[in-house]
Amino acid sequence: MVSFVCGIFGCLCDGAPQVILDGLKRLEYRGYDSVGVAVINNNKIALEKDKGRIDQFIGGLDETRLYGEVGVGHTRWATHGAPCKENAHPHLDCTKTIAVVHNGVLENFLQLREELARKGHHFTSNTDTEVIPHMIEEGMKAGLPLKEAVVQATKSIKGSMACIIIGTSEPNKMICVRRESPLVIGVGPKGAYCASDIPALLPFTKRVLIMQDDTIATLERGRVNLEEIGGGAVEPQFSNVTWDLKMAEKSGYPHFMIKEIYDQPVAIRDTLKVPETFLDRAADLLNDKIYLSGSGTSYHACLSTSYMMSRLLGIDVRPVLSSEFNEAVSDLQGSTVVAVSQSGETADTLSAVKYAKGKGAKILGITNTLGSSITVLSNAYICTQSGPEIGVAATKTFLTQLTALDLLTLRVGLKKGRISEGDYRSMSQQMNRLPRLIEETLGRCEKVKELALKYSTRRNAFFLARGINVATAMEGALKLKEISYIHAEGYPAGESKHGPISLVERDFLCVFIAPRDATRGRVIGNIMEMKARGAEIFSIITEGDEELKEVSNEFFEVPEAPDLLYPMLCTVPLQVFAYHVANFRGLDPDKPRNLAKSVTVL
Ligand code: F6R
C-alpha cells in the first residue's frame, strides 16, 4: 500500500502555476519526495509532476506548458512504495479531464480499484489516491455534475482524505473535501485558495476558513459554497489570521529550526497569556486518574509533566507513549487523558484518543493547531501559541507545551487546594520570568556552537539526568539523533550501572543535565562513574556551580532559576547543540531524512 503525509494546494487566480509552486514551497515540511502541478488551460488539463524536491522540480519545468487560472499542486512523502513520477500527484481519470490532489490514506482502495478496473478503468500508479478521479469519472458518466460526483465518490471511500479537485467540465471551479486530514480555505482580493495549512495561504490572504470533517466546499472567484457531505448547507465562518507572512518565514535565519529556537521567548510569552477560563475548563476535567499521552517530543512533555504533577499535586499520573497506549492501558473509566500533540494530527495520538474515549475517558487536548483533529475530539483543549513551526524537529512547540502544562498543573493545584494561594501566586510569577530567562540562555549559546564543532564527529552520545530532567535528557538525545544522525540515547543517570555503562570507553560523550536542584548530588556521583571509564563529560549546569565545572570537561551555564523552570532552560542549549552539530556535519537540520512534520499514518 502507498500512503502519504503530504501538502496540497489549489487556487483560482491569475498566474495559478506560480502561486501553486509558491504555496507548495511553504508546505514542503509536510513531505518532500515528489511534487506535481495540474492546471486547466484551453479546456484541457496540463500536468507536470516528478520525483524530488520542489526547487529541483521548478528547475526542470517547461513553463510554456503550464499556464492558467485554475490549478492544484501536491508535495508528497511516501511511507511505502517508491517515490517516483508515476506515484506523484495530481492523479487524473481515464479521460484526463479531472485532476485530484489528496492527503490521507484510503482504507478500501484495493477493493474500489478492483471494481473500477472491472469497469474498464486504467490505472497508471500504485497509489490509493488514483481511485478518486476514476470514481468521479464514473459519477459524471452517469450524468452527475462535478461536485455531486465528488460527493458520491466520497461516500464510498473509507479512510482519511483532504482533497482538492478540478475538472474541465466546470473550469472555473475548485472542489475541496475534508475528512480527518486538515484543509483550510482562504479568500483574498485576487482569488480563492485552499491548502493543507494556514502559512501556505498567508502571502495571498489572511481571511481563512478551517474546514471541518465531512464537509465539501465549492470555490469560485469571490464565492465559497460550503456543505456537509451528507447534504445541508453550512454557513462559512471565516476568521482573520493574526500571524503575518514574516512569522511563517525564516526572518533572516539560515534555517527554520534556528529561527524557531530563537522564537521561543515570544512563543512562551504568548502561551503564558492563555486565558484563565481556558485553564479552568481544562483543570475541571482533571481528577486523580490521569494519563498523559503523546509521541516523540510531545511524549517528553508528558514525561516531564508527570514529575511536575507528582511533585506539586501529589498525584501520580501515568505518561504513556501514544503508539503503545491501546496495549498498555485498559482501565479508563472515570479517567482523563491529556493528549499532547503540536500538530494535533499525529495518527498514533489520535488513535489513543479514540480508544480512550471509547472506554469512557475524558480528553484534554494540548496542541498548537487550532481546528486540528485533536481539538475536534477533545472535551476541552489548550492551544499553545507557538505560531507555525516549519522545521521538522520540534523546538518551540516543546517549550510551549511545557509552559501550558505547567500553567495547567498550577491551576489544578489551586483549584483542588493542593497549592496555597500564596504559592500559586509566587509560582505564577516565576513562570512569568521564563521568557527573559530563555532570552538570557540564548544569549550565551555562541559557546554551544564551539562545543558542537568539537563533538560533531562523534558517533555516539549518552544524555543523562535524574528526576524531571530525565525528560530533558531524552529530548536532547532525540534532537541530536534525528537531525545529525549521531546515535544518541537519553535515559535516567541511575540506570547506567544496569547495562549501558559497558559501552563507555575513552572519549565516549556523556551529556549531563545537572542544574542545581534536589538531584544534583547524585548526578555528580553518576558523572564520576562515567569519568572513571574515560568518558568525555559535557554538563548543563546552573551558573556559578564550581564543583560541576571542576568535574566536567566542558560545561554550559544556564541562569540561576526556580526548579520549575530548569527543564525549559536546560532544553535550549541542547536544541542549539543539535542544530549546530547537524550543520557542521553538512546536513539540512530542517529536513531530516525519513521524517515528516505531521505523522498522520499509524
Ligand atoms: C521530534 C518531533 C517528533 C514529534 C512527534 C509528535 O523533533 O518533532 O518526535 O514530536 O512526531 O508530533 P506531534 O507533537 O505533532 O504529535
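Inside the stretch 123-143, residues that are within 19 Å of Leu110 (Cβ to Cβ), open to solvent by 40 Å² or more (accessible area, probe 1.4 Å), of a type outside the set (Asp, Glu) and not in a loop (DSSP other than H, G, I, E, B) make up a count of 0. Among the residues making up the stretch 29-45, those that are at pLDDT 95 or above, more than 27 Å from the chain's Cα centre (by Cα) and crowded, with 18+ Cβ neighbours inside 10 Å are Ala38, Val39, Ile40, Ile45. A single member of Leu303, Leu279, Leu245, Leu292 is more than 15 Å from the ligand (Cβ to nearest atom) and open to solvent by less than 40 Å² (accessible area, probe 1.4 Å), and it is Leu279. For the stretch 479-507, filtering for residues that are within 14 Å of the ligand (Cβ to nearest atom) and under 19 Å from Ser539 (Cβ atoms) leaves 4.
If you go through the stretch 418-432 and keep only what is among the basic types (Lys, Arg) and in a helix (DSSP H, G or I), you end up with just Arg425. Filtering the stretch 130-149 for residues that are over 23 Å from Lys49 (Cα atoms) and in contact with a Cys (Cβ under 9 Å, 6 or more places away or on another chain) leaves an empty set. Among the residues of the stretch 396-425, those that are open to solvent by 30 Å² or more (accessible area, probe 1.4 Å) and of a type outside the set (A, V, I, L, M, F, W, C) comprise Lys415, Lys416, Gly417, Arg418, Ser420, Glu421, Gly422, Asp423, Tyr424, Arg425.
Within the stretch 573-596, restricting attention to residues that are open to solvent by 20 Å² or more (accessible area, probe 1.4 Å) and within 14 Å of the ligand (Cβ to nearest atom), the residue that is nearest to Leu437 (Cα to Cα) is Lys591. With respect to Val338, determine if the residue is buried (at least 24 other Cβ atoms within 10 Å of the Cβ), at pLDDT 95 or above and touching a strand residue (DSSP E or B) at 6+ places or on another chain (Cβ under 7 Å). In short, yes. The condition (being of a type in the set (Gly, Ala, Ser), in contact with an Asp or Glu (Cβ under 7 Å, 6 or more places away or on another chain) and at positive phi) is satisfied by just one residue among Gly159, Gly143: Gly159. Count of the stretch 342-377 residues, restricted to those that are in a helix (DSSP H, G or I), within 11 Å of the ligand (Cβ to nearest atom) and small (Gly, Ala, Ser), is 3.
Checked against the criterion of being closer than 27 Å to Tyr32 by Cβ, assigned by TED's automatic domain parsing to the domain that holds Gly36, modelled with pLDDT of 95 or more and out of contact with any Phe, Trp or Tyr (no Cβ under 6 Å at 6 or more places or on another chain), the candidates Lys141, Lys119, Lys96, Lys173 yield just one match: Lys96.
Within the stretch 212-226, the set of residues being free of Cβ contacts under 8 Å to residues at least 60 places away in the same chain and of a type outside the set (D, E, K, R) comprises Thr215, Ala217, Gly222, Val224, Asn225, Leu226. Within 30 Å of Leu408 (Cβ to Cβ) and either in a helix (DSSP H, G or I) or not acidic (Asp, Glu) (or both): does that describe Val581? Taking the combined requirement at face value, the residue does not satisfy it.
Does Ser298 satisfy being assigned to a helix (DSSP H, G or I), away from the ligand (no atom under 14 Å from the Cβ) and open to solvent by less than 20 Å² (accessible area, probe 1.4 Å)? No.
Okay, residues lined up against (1) loosely packed, with under 15 Cβ neighbours inside 10 Å; (2) in the same structural domain as Leu27 (by TED's automatic domain parsing); (3) outside any loop (DSSP other than H, G, I, E, B):
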position: Glu63; (1), (2), (3): yes, yes, no
position: Gly73; (1), (2), (3): no, yes, yes
position: Ala88; (1), (2), (3): no, yes, no
position: His102; (1), (2), (3): no, yes, yes
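As for the stretch 378-394, it holds no residue that is away from the ligand (no atom under 13 Å from the Cβ) and part of a helix (DSSP H, G or I). For Ile438, the test of being more than 30 Å from Lys497 (Cα to Cα), surrounded by 24 or more Cβ atoms within 10 Å (Cβ to Cβ) and away from the ligand (no atom under 16 Å from the Cβ) is passed.
The values are calculated or read from the model by the stated rules, or taken from the named source; none is laboratory data. Here the structure is a predicted model, which is why all the values come from computation and not from measurement. Neighbour counts are summed over all protein chains in view; Cβ atoms, including those assigned to glycine, are modelled from backbone coordinates with ideal geometry. In case anyone asks, the SASA skips ligands and DNA or RNA and just uses the protein heavy atoms, side chains included. Shrake-Rupley method; radii C 1.70, N 1.55, O 1.52, S 1.80 Å.
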